[in-house]
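See below for the structure under consideration.
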Amino acid sequence: MHEGTLVFSFFLIFTGAALFATIALFTRQPLLIAYIVLGAVIGPFGTGWIETSESISQISQIGIIFLLFLIGLDMQPVNLLHTLRKAVIVALASSIIFAACGFAATYAFGFSTTESLIVGLAMMFSSTIIGIKLLPTTVLHHRHTGELMVGLLLLQDMIAIIVLLGLGGVSKGNQDVFDYLVTLISLPLLIAGAWLIVRFIFLPLLQKFDRFQEYIFLLSIGWCLGLASASEAVGLSSEIGAFVAGVSIASSPISLYIASSLKPLRDFFLILFFFSIGASFDFSLLSDVMIPAMTLALLYLGLKPVAFRLLLGKQSENSKLAWDVGFRLGQNSEFSILIAYIATSSLLIGEKASLLIQATAIITFALSSYIVIFNFPNPIAVKESLRRD
């Protein structure tokens, strides 16, 4: 970071975010794009006012954790299980289609078989943070569209974790079956442990001290971050742990209060997240992969809506809902960038292939946000007729 303090870095980020957001609103641009552009401008590859984005990126991950926790708070376990059963076929089939198309397109541009395979794997996933951020709260919490999107994104997270484990095994020269088995049994054990703690510790404490709002706030944050850390420790993602933490107390009457009290904290960290995306990419190198990156980005922005429309249609979902979900999940995922980092550090792919994955992800983040914000109901729409909180 800049040689100044963390406080000074936050001053640059949030003052800059306010300035760029003002410009974005006047010019009718998405706020998410403003934060990414800010990162590119004042980050290490721009003016260098903030010399490294690593610390900011680590802090910003808390925003994703809180986001998944809040989603879980409003999803009843019975409804969630029903949605996951319905989404599993769509998640698996779409992942295979996206991986195959990514492999074929990348190989056609002259990349090696291994690089094409890893690029294809990186293209399988959609962004949890953007998909859910641009979904109206009323749709997310009270309609089938929200439940279906969350189910698909959670299943994609599980697939992504398996891919990351596989890449880690290859980089070490072996694939430890034990690691996969631990991951498979960790989720049910995590859910069971969460249920026991909530029933015998968490809820009794809330009932005893429910008059102290500060205590409820602290206990909720501790529970969210604690289960997120436990999930990460057993080989799952912190996001999955946070979601389980939310679902585990969704039936409690206090869940609505917890959700409303944590929203400002979530937004604080999400601004840091989008800033870190822009700050972590060297846009000066974009020319090296511009043509294949734009080709892949446009391919997936068109392919994903069609694929989800067809797959969800076979699951008896109506056409309007299927198109809606498909366009909202048209972008690549944060996991894509993580796959690029791990594969590069393991010498499985070259710098150009890594840049291709990162550039495609950022381009789809931007273009998908424009598509949703200007055409579908969302909380930050520039058109009054589409704005839904």
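The values are calculated or read from the model by the stated rules, or taken from the named source; none is laboratory data. As the structure is a computational prediction, the values presented were derived from the model and not from experiment. As a convention, Cβ positions derive from the backbone with ideal geometry for all residues, glycine included, and neighbour counts pool all protein chains shown.
The residues in segment 280-294 that are at pLDDT below 85, touching a helix residue (DSSP H, G or I) at 6+ places or on another chain (Cβ under 9 Å) and in a helix (DSSP H, G or I) can be counted, and the count is 4. If you go through segment 353-376 and keep only what is of a type outside the set (Gly, Ala, Ser) and crowded, with 20+ Cβ neighbours inside 10 Å, you end up with LEU355, LEU356, ILE357, GLN358, THR360, ILE362, ILE363, THR364, PHE365, VAL372, ILE373.
If you go through segment 342-351 and keep only what is surrounded by fewer than 15 Cβ atoms within 10 Å (Cβ to Cβ) and either assigned to a helix (DSSP H, G or I) or among the basic types (Lys, Arg) (or both), you end up with SER345, GLU351.
Among the residues of segment 142-149, not a single one is at pLDDT 80 or above and of a type outside the set (A, V, I, L, M).
Within segment 83-100, residues that are assigned to a helix (DSSP H, G or I) reach partners that are acidic (Asp, Glu) with beta carbons closer than 8 Å, at six or more positions or on different chains, in the pairs THR83/GLU147. Please work out if ILE291 is of a type in the set (A, V, I, L, M, F, W, C), within 30 Å of GLY48 (Cα to Cα) and within 20 Å of the chain's Cα centre (by Cα). In short, no.
Residues considered: ALA250, ALA297. Of these, the only one that is outside any helix (DSSP H, G or I) and surrounded by 15 or more Cβ atoms within 10 Å (Cβ to Cβ) is ALA250. Restricting the first member to segment 322-336 and to residues that are among the aliphatic types (A, V, I, L, M), and the second to residues that are assigned to a loop (DSSP other than H, G, I, E, B) and surrounded by 21 or more Cβ atoms within 10 Å (Cβ to Cβ), the beta-carbon pairs closer than 7 Å and six or more apart or on different chains are LEU329/SER126. Considered as a group, the residues in segment 300-341 that are part of a helix (DSSP H, G or I) and of a type in the set (Ser, Thr, Tyr) include one that is nearest to the chain's Cα centre (by Cα), and that residue is SER336. Criterion first (at pLDDT below 85, within 14 Å of ILE62 (Cα to Cα), in contact with a Ser or Thr (Cβ under 6 Å, 6 or more places away or on another chain) and among the aromatic types (Phe, Trp, Tyr)) does PHE243 satisfy it? So PHE243 does not fit the description; no. Across segment 113-124, the qualifying residues are those that are in contact (Cβ under 8 Å) with a residue 24 or more places away in the chain and touching a helix residue (DSSP H, G or I) at 6+ places or on another chain (Cβ under 8 Å), and the one among them that is farthest from ILE271 (Cα to Cα) is GLU115. Set side by side, the residues ALA105, ALA99 differ, and just one is small (Gly, Ala, Ser), crowded, with 19+ Cβ neighbours inside 10 Å and under 20 Å from the mean Cα position of the chain (by Cα), which is ALA99.
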